[in-house]
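A short write-up of the structure that comes next.
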There are 2 protein chains.
Amino acid sequence: LVISDLPAAAAGVFTQNRVVAAPVRLDRERLPSPDARGVVICSGNANACTGQRGLDDARRMAAVTAAAIGCRAEQMLVCSTGVIGRHLPMPRIEEGIGRAVSVLDSSAAALDRAAHAILTTDTHIKVSTQKVTLTGSEVRLTGFAKGAAMIGPNMATMLAFVLTDACVAAADLAMLARRAAESSFNAISVEGHTSTNDTLLLFANGAGRPLDSTALERFGSAVTSVCTDLARAIVADAEGATHLVIIDVEGLRNDDEAKRIARAVADSPLVKTAIFGADPNWGRIVSAAGYAGVAFAEEELSLWLGDLPLYQAGTPLPFDPPTASAYLKNNREIHLRLRFTLGPGRCTFWTSDLTYDYVRLNAEYTT
Amino acid sequence: LVISDLPAAAAGVFTQNRVVAAPVRLDRERLPSPDARGVVICSGNANACTGQRGLDDARRMAAVTAAAIGCRAEQMLVCSTGVIGRHLPMPRIEEGIGRAVSVLDSSAAALDRAAHAILTTDTHIKVSTQKVTLTGSEVRLTGFAKGAAMIGPNMATMLAFVLTDACVAAADLAMLARRAAESSFNAISVEGHTSTNDTLLLFANGAGRPLDSTALERFGSAVTSVCTDLARAIVADAEGATHLVIIDVEGLRNDDEAKRIARAVADSPLVKTAIFGADPNWGRIVSAAGYAGVAFAEEELSLWLGDLPLYQAGTPLPFDPPTASAYLKNNREIHLRLRFTLGPGRCTFWTSDLTYDYVRLNAEYTT
């Protein structure tokens, strides 16, 4: 449970999947909101593909929580993550809500417990906090998230929550949430499978003073920064991953083209297995860029692996394969840079490698 | 080497990657052709991302072969498959061409040798032959292909060759080739990575009588049938695969929508690992359909695994997980059926599962 003592402006960004979990449908109806009181989250069951009964269950989760903390049902949001296609065990859920309400607490330990409670196959919690001074007063942002696979983007099997005491209108919060998601949760990928449950929720309880437009801009940057921290943490914890791969694409006609190319490279199982195997098989990277649906000629593309130039304006460069392989072997963070000569469009994208453990986790367990 | 004693009508279908191997560039210039004499194929090196020198090398392969068999260089086509970004070892290639010319032969054993010679990580050859009686005379079609990964579609790291004694104009052959590729090589996927080298070549040497329009239609069906055989054989031999997955999608507004949904399901690593692990985790299939970019409501979708209904008009059906798991465990060919209620559009798509061996082959070897 995440509960705001004060009614809070709230906004959300949700999965773009056509198949949408019941709690996402519910939250979409209720957001943006000027006076949300919180969110009840269940982990282990997605409450997706569960028909009318699933929707009724999500509504009931909100109503039971609202009754327990003393607010209207419409002020309460709901998130779920886990296996798809099974009905929620409502007696257990309702009992759990009662117990969670009884231990609500504003300590750092409570944040830690909440960050743990939402995990599924994650191996550790993802938390990011920031303080910014705006219009003379300090504003705090606290974010936490879960996610380790079915990472989309657009968005991911991920839930993320950003809580702040800033005073921001719900409509502004909605705009900042979309912007933050675009360069964080929508710029990561584990295997390219968009989930039915992805949710980012922002709550701003307005304890501070209203923000002028300059302060709002700076506040937006802080939101993006917290979301980017959480997004990177999700990819770094990707199921079975041994590498965090940072893909910088620049020189396209616009940012969207750069993102399409970055995503094609990020999602290629051939690129991901090569990185796992420390094999500097750069042809897989260039050929993935080539099927992203973005027009370019080979002469307009150059490629670096870390600092090592491999391909320049359409021509392969001589390089020392053992050096390139050692770079892949000895670093957990790998940088790929694709430079085009077509314009100012750019994107930074994060992905993971594809390993035996990814296959094991997804073949041997129902997640 | 594939050589036609008579000048043959020839047509091709090629990769849609923006990064295109040198031999593909060359063949695109030369096709369709009314009087091609054959194709020289090298396996192990893709001659892709090799700049001007790569193009010169491809031209030289054609010229050396043409000189050896006694035709114009423009009558000879070229294919390559293998690792990207390395220059061809031209002295070895030229010596090999000379040796291949000296053992040209029209026996079944020669076809078998050619089908073996083009393989890379394939574990066995792919050959399909058909005889059809058209306009009173028998027409023969012989197809062979290679491919086991970087299988796109559009198309695949695959080379396929269909040889026939039918008498067909080059323009008609080009039309039939495109049509055949659409429902065969462009309806398969191993990991969704489109290669730089994909090529389907058709040669019709015209030994038979010209075909009227009815006969041409039947001949086209035979071409499609040979191509479908070869495409299925490629997926069945996918790197590390333990299952051939046949995805039937029906009831969309048009065939293209059905194919987009089939492809999203086929390319999802979460679907592929679940099938490998015999885990009837059908939520992964439904959620993959949901991010294919095709508009539908959950109530418009039902799903079967083999004969077992799992999801009906947006609602999960009770089913026996051990029975579903046994179906996955005990069958090498797995059928998924997604039925929508939106129109007559349909597609059959073939893919493979994602296994430890796929990761091993692509992490530990430079392919």
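The values are calculated or read from the model by the stated rules, or taken from the named source; none is laboratory data. If you're wondering where the values come from, they're calculated on a predicted model, not measured in any experiment. Positions of Cβ are backbone-derived with ideal geometry, glycine not excepted, and every protein chain shown enters the neighbour counts. Only protein heavy atoms, including side chains, enter the accessible area calculation; ligands, DNA and RNA are left aside. Shrake-Rupley method; radii C 1.70, N 1.55, O 1.52, S 1.80 Å.
In this structure, is residue A:187 at pLDDT below 85 and open to solvent by less than 20 Å² (accessible area, probe 1.4 Å)?
yes
Please state which of the following conditions residue B:266 fails to meet, knowing it meets all the rest: (1) more than 10 Å from every other protein chain (Cβ to nearest Cβ); (2) open to solvent by less than 20 Å² (accessible area, probe 1.4 Å); (3) at pLDDT below 95; (4) not in a helix (DSSP H, G or I).
(4)
Please go through (1) of a type outside the set (Asp, Glu); (2) within 14 Å of chain B (Cβ to nearest Cβ); (3) in a strand (DSSP E or B) for residue A:319 and return the number of the only condition it doesn't satisfy.
Status for residue A:319: all satisfied but (3).
Test residue A:111 against the criterion of being outside any loop (DSSP other than H, G, I, E, B), over 23 Å from residue B:318 (Cα atoms) and touching an Asp or Glu at 6+ places or on another chain (Cβ under 6 Å), and give yes or no.
Criteria not met by residue A:111.
Can you confirm whether residue B:328 is open to solvent by 10 Å² or more (accessible area, probe 1.4 Å) and over 20 Å from residue A:48 (Cα atoms)?
no
Which pairs turn up if I take residues in the stretch B:48-66 that are more than 14 Å from chain A (Cβ to nearest Cβ) and look for partners that are open to solvent by 10 Å² or more (accessible area, probe 1.4 Å) and among the polar types (S, T, N, Q) with beta carbon separation below 7 Å, at least 6 apart in sequence or on another chain?
Listed pairs, sorted by first residue: B:66/B:75.
Can you spot a residue in the stretch B:231-244 that is more than 14 Å from chain A (Cβ to nearest Cβ), within 29 Å of residue A:239 (Cα to Cα) and assigned to a strand (DSSP E or B)?
Yes: the stretch B:231-244 contains one or more residues that are more than 14 Å from chain A (Cβ to nearest Cβ), within 29 Å of residue A:239 (Cα to Cα) and assigned to a strand (DSSP E or B).
Looking at the stretch B:44-62 only, could you name the residues that are open to solvent by less than 40 Å² (accessible area, probe 1.4 Å), of a type outside the set (D, E, K, R) and out of contact with any strand residue (DSSP E or B) (no Cβ under 7 Å at 6 or more places or on another chain)?
B:48, B:54, B:55
Take the conditions away from every other protein chain (no Cβ under 13 Å), part of a helix (DSSP H, G or I) and closer than 23 Å to residue A:236 by Cβ and apply them to residue A:327. Does it pass?
yes
Considering only the stretch B:348-358, state which residues are among the hydrophobic types (A, V, I, L, M, F, W, C) and either at pLDDT below 80 or touching a strand residue (DSSP E or B) at 6+ places or on another chain (Cβ under 9 Å) (or both).
Residues satisfying the conditions are B:349, B:350.
Based on this model, can you work out whether residue B:111 counts as among the hydrophobic types (A, V, I, L, M, F, W, C), open to solvent by 20 Å² or more (accessible area, probe 1.4 Å) and under 25 Å from the mean Cα position of the chain (by Cα)?
When the stated conditions are applied, residue B:111 passes them.
If you check B:208, B:220, B:251, which single one turns out to be modelled with pLDDT under 85, among the small types (Gly, Ala, Ser), farther than 27 Å from residue A:267 by Cα and over 11 Å from the mean Cα position of the chain (by Cα)?
B:208
Does residue B:346 satisfy being closer than 24 Å to residue B:236 by Cα, crowded, with 16+ Cβ neighbours inside 10 Å and touching a residue at least 24 places away in the same chain (Cβ under 8 Å)?
Working: closer than 24 Å to residue B:236 by Cα: yes; crowded, with 16+ Cβ neighbours inside 10 Å: yes; touching a residue at least 24 places away in the same chain (Cβ under 8 Å): yes.
Yes; evaluated as a whole, the condition is true for this residue.
If the requirement is being of a type outside the set (Ser, Thr, Tyr) and open to solvent by 30 Å² or more (accessible area, probe 1.4 Å), which of these qualifies: A:41, A:84, A:97?
On the way: A:84 fails: open to solvent by 30 Å² or more (accessible area, probe 1.4 Å); A:97 fails: open to solvent by 30 Å² or more (accessible area, probe 1.4 Å).
Criteria check complete, one pass: A:41.
So in the stretch A:335-367, with the set limited to residues that are within 14 Å of chain B (Cβ to nearest Cβ) and within 20 Å of residue A:282 (Cα to Cα), which one is nearest to the chain's Cα centre (by Cα)?
At the first step, the residues of the stretch A:335-367 found to be within 14 Å of chain B (Cβ to nearest Cβ) are A:338, A:340, A:342, A:351-367.
Then keep just the ones that are within 20 Å of residue A:282 (Cα to Cα); that gives A:338, A:340, A:351-355.
Details: A:338: 23, A:340: 27, A:351: 12, A:352: 14, A:353: 17, A:354: 19, A:355: 21 Å.
Among those residues, the one meeting the criterion is A:351.
What number goes with the only condition from (1) open to solvent by 20 Å² or more (accessible area, probe 1.4 Å); (2) without any contact (Cβ under 8 Å) to a residue 40 or more places away in the chain; (3) facing chain B (nearest Cβ under 7 Å) that residue A:276 does not pass?
That leaves (2) as the condition not met.
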